[in-house]
Amino acid sequence: MKRVVADAVSDLTVEVFRLNGELLAAGDALVADIGLTSARWQVLGAIALSPAPLPIAHLARNMGLARQSVQRIANELEAEGMLRFAPNPHHQRAKLVLLTVRGRKAFDAAIARWQPLAAALGRSQKPATIDGATEMLRSVRRRLEDGAANIGDRHAMEKQN
């Protein structure tokens, strides 16, 4: 029997969900003793890797997360001295988010721990294979961002009518 694309994408989606869970658990274990969780590390990374300071809403959008969840984590990180909020010349209420020295050290420590694990995870793969998988996942994500997920809803409604 011929395999259809929808089944392949469904299998891929389940595997991505499982991988996400494993990555979060591994990340939590990797950075727990430096005061981070995977979620905190992700927020610090979004700030650290941004080419310019951004407000919470922009960071959340870039991360594909809800603004409220990123705001909650940012508030916790601010209380612990890992980031600070600065005035935004373009918007009075949407403060810019900046790493403090403590936040930069925590992020750098997390990355230093991650590098050997990343190398071990990819050890049996060629960089081109990993790059191809990354590009395929990026393409699926972009289709979702462009509204492809609504196609299924429209199709189901058309079938009912």
Could you tell me which of the residues Ala52, Ala48 is hydrophobic (A, V, I, L, M, F, W, C) and touching a residue at least 24 places away in the same chain (Cβ under 8 Å)?
Ala48
Against the condition assigned to a loop (DSSP other than H, G, I, E, B), hydrophobic (A, V, I, L, M, F, W, C) and at negative phi, how does Ala39 come out, does it pass?
no
Can you name every residue in the range 82-104 that is farther than 18 Å from Pro51 by Cα and in a helix (DSSP H, G or I)?
Arg102
All conditions in (1) at pLDDT 95 or above; (2) farther than 24 Å from Val31 by Cα; (3) surrounded by fewer than 14 Cβ atoms within 10 Å (Cβ to Cβ); (4) within 20 Å of the chain's Cα centre (by Cα) are true of Ala118 except (2)
Positions within the range 118-130 being part of a helix (DSSP H, G or I) and either touching a residue at least 12 places away in the same chain (Cβ under 8 Å) or more than 17 Å from Val16 (Cβ to Cβ) (or both), in sequence order
Ala118, Ala119, Ala120, Pro127, Ala128
Can you list residue pairs whose Cβ atoms sit under 9 Å apart, with the first residue in the range 78-107 being at positive phi and the second being modelled with pLDDT of 95 or more and outside any helix (DSSP H, G or I)? Count only pairs 6 or more apart in sequence or on different chains.
Gly81/Thr100
Unmet requirement for Leu65, which otherwise passes all of (1) touching a residue at least 24 places away in the same chain (Cβ under 8 Å); (2) not in a helix (DSSP H, G or I):
(1)
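The values are calculated or read from the model by the stated rules, or taken from the named source; none is laboratory data. It should be emphasised that the depicted structure is a prediction, and the values quoted were computed from it without experimental measurement. Please note: Cβ atoms are built from the backbone with ideal geometry, for glycine as well, and neighbour counts cover all protein chains shown.
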